[in-house]
Amino acid sequence: MDDIEPPFEETYPTLFHNSTARANDKTLFAVDEECELPLIDLARLNFWSFDQWIEEMAEAASQWGFFQVMNHGIPQKVFESMRKEQMKIFHQPFRKKSEQNFMNLSADSYRWGNPKATCLRQFLWSEAFHIPVADISKLEDESNNPRSSIGLFATKAANLAERLAEYLAHNLRIKSSYFRDNCLPSSSYLRMNRYPPCPPSFEVLGLIPHTDSDFLTILYQDHVGGLQLKKDGRWLSVKPNPDVLIVNVGDLFQALSNGVYKSVEHRVVSHPKVERYSVAYFYCPSYEAVIESTENIIKPAIYRKFSFREYKQQIQEDVRATGNKVGLSRFLL
């Protein structure tokens, strides 16, 4: 039987077996404590005053950049079906997953490791399918049947992302139609992740520290854990809860909110013995959408106006030149 695992060590022997490429940094995995993210109960909207309820969510977006939502309207059976589909897909032989047109997807949809890594600090012990929402309808299983559970999750996550974005925009006096006008269903992405068991001796992360380049990310993760975020200069491990969804603010919402909402650095540590699954919906605008900070008398705009296309191009240029995403600091006034 063909191996399902990506050939990390075989493909990158210099990184894994050359001491100069190793991280040699004991702080790489240092975590101060486990945390529970602020929990937003969407059902409370029916009982609380609207402004009070919005304020609770806005405070989480400002102080943490992350929060959890419950009573979000996505049935548990959707997550269970999604998880089964992910396992079917990722447990295919590696050679099959990496074939062009696998599941009727483009060749660059399947991603693993990091071909540009010069040291293990930059390497990703994970594999993923990064899929434009517009391509989800093309997904086929081994019997050429559509993978409907993936499309169903994407549709429901899109509706939730739009609702949450409009709630957070209300707190900033941004027109709620802004998101409906600029975030078309075809402009967002779905990313299915699998983190294989990773020997601790490798000193490598499942996903390196980063911020998301969107408005909001809707994340469903299993019970294994591994997500960590940076708050007040400390890495905190997020307690896993497969009964809720995690929402985090992306770079575009930080810019749009003039720095009120925070796009927070986060990473994933792979488990040494068991695989971990997650799926993320990235709520993105069209490339032509313009991001302009909401300024007022007290706080003038801190970011210059830019399009999403400009932002993506700048990220690509920085990654090519430095190996890292620079992000919003490039757009400061």
Working from Cα positions, state the angle (0 to 90°, nearest 10) between the long axis of helix 148-170 and the longest principal axis of the chain. 30 degrees
Can you grab the distance from the C-alpha centre of the range 300-333 to the C-alpha centre of the range 82-155, Å, no decimals? 27 Å
Given R₀ = 45 Å, FRET efficiency for ASP232-THR118 by Cβ-Cβ distance, to 0.05? 0.90
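Can you tell me the relative contact order of the chain? Whole percent, Cα pairs under 8 Å, sequence separation 6 or more. Please report the intermediate quantities before stating the final value.
On the way: 629 pairs, mean separation 66.3, N = 333.
That works out to 20 percent.
Would you mind estimating how fast the range 275-331 diffuses translationally, via Stokes-Einstein at 10 °C and 1.306 mPa s with the Kirkwood radius over Cα pairs, in µm²/s? Walk me through the intermediate numbers first.
Details: Rh = 13.6 Å.
Estimated via Stokes-Einstein, D reaches 117 µm²/s.
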Over the Cα atoms of the range 193-285, what is the Rg over Rh ratio if Rh follows Kirkwood? 0.99
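Just to confirm a number: summing +1 for Lys and Arg and -1 for Asp and Glu over residues other than CYS284 whose beta-carbon lies under 11 angstrom from that of CYS284, what do you get? List each step's numbers first, then the result.
Numbers: positive: LYS312; negative: ASP212, ASP214, ASP251.
Computed value for this residue: -2.
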As a check on your grasp of the helix formula, calculate [θ] at 222 nm for the chain: sum -39500 (n - 2.57) over DSSP H runs of n ≥ 4, divide by the residue count, round to the nearest 500. -8000 deg cm²/dmol
Taking a straight Cα-to-Cα line shorter than 16 Å from LYS239, and setting aside same-chain aspartates and glutamates fewer than 8 residues away, one finds ASP32, GLU33, GLU34, GLU36, ASP222
Taking neighbour counts of Cβ atoms within 10 Å as a proxy for exposure, in what order, fewest first, do HIS130, HIS210, HIS91 appear? HIS91, HIS210, HIS130
HN-Hα couplings for the range 299-314 via Karplus (6.51, -1.76, 1.60; θ = phi - 60°), in whole Hz with x for Gly/Pro, come out as 9, x, 4, 9, 10, 6, 5, 8, 9, 5, 4, 4, 5, 5, 5, 5
Taking amide H atoms as placed 1.01 Å from N in the peptide plane, list the residues 5 or more away in sequence, or in a different chain, whose amide H sits under 5 Å from that of TYR189. VAL133, PHE282, CYS284
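How big is the dipole moment of the chain about its Cα centre under a simple scheme where the beta carbon of each Lys and Arg is +1, that of each Asp and Glu is -1, and everything else is neutral? Debye, nearest 20, please.
360 debye
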Hey, fewest Cβ within 10 Å first, where do ILE208, ILE298 land in order? ILE298, ILE208
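Computed over the Cα atoms of the range 51-148, what is the convex hull's projected area averaged over all directions, in nm²? Can you show the working numbers first?
Working: hull surface 38.7 nm².
Its Cα hull, projected and averaged over all orientations, spans 9.7 nm².
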Cross-link table LYS84/LYS273; LYS97/LYS273; LYS77/LYS175; LYS175/LYS299, entries beyond 29 Å C-alpha to C-alpha: LYS77/LYS175
Could you rank the peptides 310-319, 277-286 by their average count of other C-beta atoms within 10 Å per residue, with the highest value first? 277-286, 310-319
Fewest to most neighbouring Cβ within 10 Å: what's the order for ARG44, ARG191, ARG173, ARG147? ARG173, ARG44, ARG191, ARG147
Spin-label model distance (nm) - ALA301 vs ASN18, 7 Å beyond Cα toward Cβ: 4.6 nm
Scan the range 52-118 for trypsin sites (Lys or Arg not before Pro) in coil per DSSP, keeping those whose Cβ has at most 16 other Cβ atoms within 10 Å, and list them by number. LYS116
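Are there GluC sites (Glu not before Pro) in the range 91-185 that DSSP puts in a loop and that have at most 12 other Cβ atoms within 10 Å, and which ones?
On the way: sites: GLU99, GLU127, GLU140, GLU142, GLU162, GLU166; in loops: GLU99, GLU142.
When the GluC sites (Glu not before Pro) of the range 91-185 are filtered for loop state and at most 12 Cβ neighbours within 10 Å, GLU142 remain.
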Mind pulling up the Rg/Rh value for the range 184-229? Radius of gyration and Kirkwood radius, both on Cα. 1.01
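Values quoted throughout were computed directly from the atomic coordinates according to the rules given, and no laboratory measurement underlies them. This one's a predicted model, so the numbers in the text were calculated from it and none came from an experiment. No Cβ is skipped: glycine too gets one built from the backbone with ideal geometry, and neighbour counts run over all protein chains shown.
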